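Engineer: This is the structure I want to talk about, given as structure tokens.
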Amino acid sequence: MSVEVKQEPALDTDQETRILLLCHENPEGINDALIQEHMPQFDVQQRVTAINRLLSTGRIDLLKSSSGKLIYKLKDSSAADPVKGGDQQEKVVYQIIKDAGNKGIWIRDIRFKSNLLLTQVNKILKNLESKKLIKAVKSVAASKKKVYMLYNLEPDRTVTGGAWYSDQDFESEFVEVLNQQCYKFLVQKAELSKRTKEDPIAQRNGSFASSQDVWKFISELGISKVQLSVEDIETILDTLIYDGKCEQTIVAAAGDGGQTKLYRAVNSLINSTGLMRMPCGSCPVIQNCHVGGAVSPTTCVYFKDWLQLQ
């Protein structure tokens, strides 16, 4: 009595190897069209069988590209699967959120990229949150909307608002204090330079301070509860430039070939006109302002603050 041993067709095995090699050559992912282009000798059924076997054995992943097309990527064997035990839909949603980085992604965009129903997406998101794989973060751009990102990521400053926001509220008083202290430092720098016996050009050059110097001064004052960066201080210094209180110049940095921003306090040559000192002078929606309208002088909070009315 002879015993027959069922062997896997060599054709399918050969195609699996070719698909793996194609994934290795294209780490950003491959689609069905690329597989067909490189393997025209295989029919549709053979390609589907080979891809399904690679997916079931965990050698490739099925993902969705930014354009909405399905792609196959070589599975990273060095990294543990964070969604272990989850179904394919859960893995797709997790990958979409992972690709969004620390800027996060709205649930509407997750639905669009995954082609899943809202009830399915909500269920998957709750499951991933319970596993502490992702987290929901409120965005300052839209207070009623949440963005999702990986649990261990620090949200981007465009999401949290950076140092100028606390619980989605703009810290106007904190910004005003920083504005005053930065200007005070530049004024002191200019006064010290004037006291020297040097020529006017040297006095002018000595009145400049780098953003790094201003940042160090603010840090030593200890007026901020959050860690400020040099970029944060440059944002404050930019407001001083817009107010006409200081000017900026850029010089070549020594050694590294980069650039250094320098600032110095200046006195305005002429006083601003009365119109520009009132809210209407710089209002971006003044063309829509009229009595009884959505924008009206009788309900304008900025106008009341300017007139110090309660």
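Engineer: So if each residue of separation counts as 0.36 nm, and I subtract the Cα-Cα distance between THR239 and ASP32, what length gain in nm does that give?
Structural biologist: 69.2 nm
Engineer: 5 Å is the cut-off here: which amide hydrogens, built 1.01 Å from N in the peptide plane, fall below it relative to VAL295, excluding neighbours closer than 5 in sequence?
Structural biologist: Long-range HN contacts for VAL295: HIS290.
Engineer: Additional query: Match the structure shown to one of the listed values (i) 6, 25, 31, 24, 12, 3, 0; (ii) 5, 16, 18, 17, 16, 12, 9, 4, 1, 1, 0, 0; (iii) 6, 28, 38, 23, 5, 0 of P(r) over Cα pairs in 10 Å bins from 0, in percent, computed from it, and give that label.
Structural biologist: Correct label, based on the coordinates given: (ii).
Engineer: Now for a different question. Rounded, prolate or oblate: which one fits region 163-261, using the alpha carbon gyration tensor with axes a ≥ b ≥ c (rounded when a/c is under 1.5, else prolate when a/b beats b/c, else oblate)?
Structural biologist: Prolate, because a/c is 1.5 or more and a/b exceeds b/c.
Engineer: What's the magnitude of the charge dipole for the chain around its Cα centre, counting Lys and Arg as +1 and Asp and Glu as -1 at the beta-carbon? Answer in Debye, nearest 20.
Structural biologist: Here the chain has a charge dipole of around 820 debye.
Engineer: Starting from 0.36 nm per residue, how many nanometres of slack lie between CYS300 and ARG277 once their C-alpha separation is accounted for? Let's see the in-between values first.
Structural biologist: Numbers: separation 23, 0.36 × 23 = 8.28 nm, distance 1.57 nm.
That works out to 6.7 nm of additional length.
Engineer: Check which residues have an amide H placed less than 5 Å from ILE71's amide H, if you skip close sequence neighbours.
Structural biologist: LEU63, LYS64, SER65
Engineer: Of the residues GLN89, GLN212, GLN287, which exhibits the maximal mean-square fluctuation in a Gaussian network model of the chain defined by a 10 Å Cα contact cut-off?
Structural biologist: Ranking GLN89, GLN212, GLN287 by mean-square fluctuation puts GLN287 first.
Engineer: What is the calculated FRET efficiency for VAL226 to ASP169, with r their C-beta to C-beta distance and R₀ = 22 Å, to the nearest 0.05?
Structural biologist: Numbers: r = 14 Å, r/R0 = 0.63.
E(calc), rounded to 0.05, equals 0.95.
Engineer: Name the residue, out of TYR165, TYR242, TYR72, whose mean-square fluctuation peaks in a Gaussian network model built on the chain with Cα pairs under 10 Å.
Structural biologist: TYR242
Engineer: If you don't mind, there's one more thing I want to ask. Note the full-extension length gain between LEU55 and GLU247 as 0.36 nm times their separation in residues minus their Cα-Cα distance, in nm to one decimal.
Structural biologist: Numbers: separation 192, 0.36 × 192 = 69.12 nm, distance 6.06 nm.
So the chain would gain 63.1 nm between LEU55 and GLU247.
Engineer: Can you list the DSSP H helices in the chain whose Cα atoms extend at least 27 Å along the helix axis and whose mean Kyte-Doolittle hydropathy is -1.0 or higher?
Structural biologist: Helix filter hits for the chain: 172-194.
The numbers here are math on the coordinates, done by the rules we state, and not lab data. Computed from a predicted model, the values in this text were never measured in an experiment. Methodologically, a virtual Cβ is constructed for each residue, glycine included, from the backbone with ideal geometry; neighbour enumeration extends over all protein chains shown.
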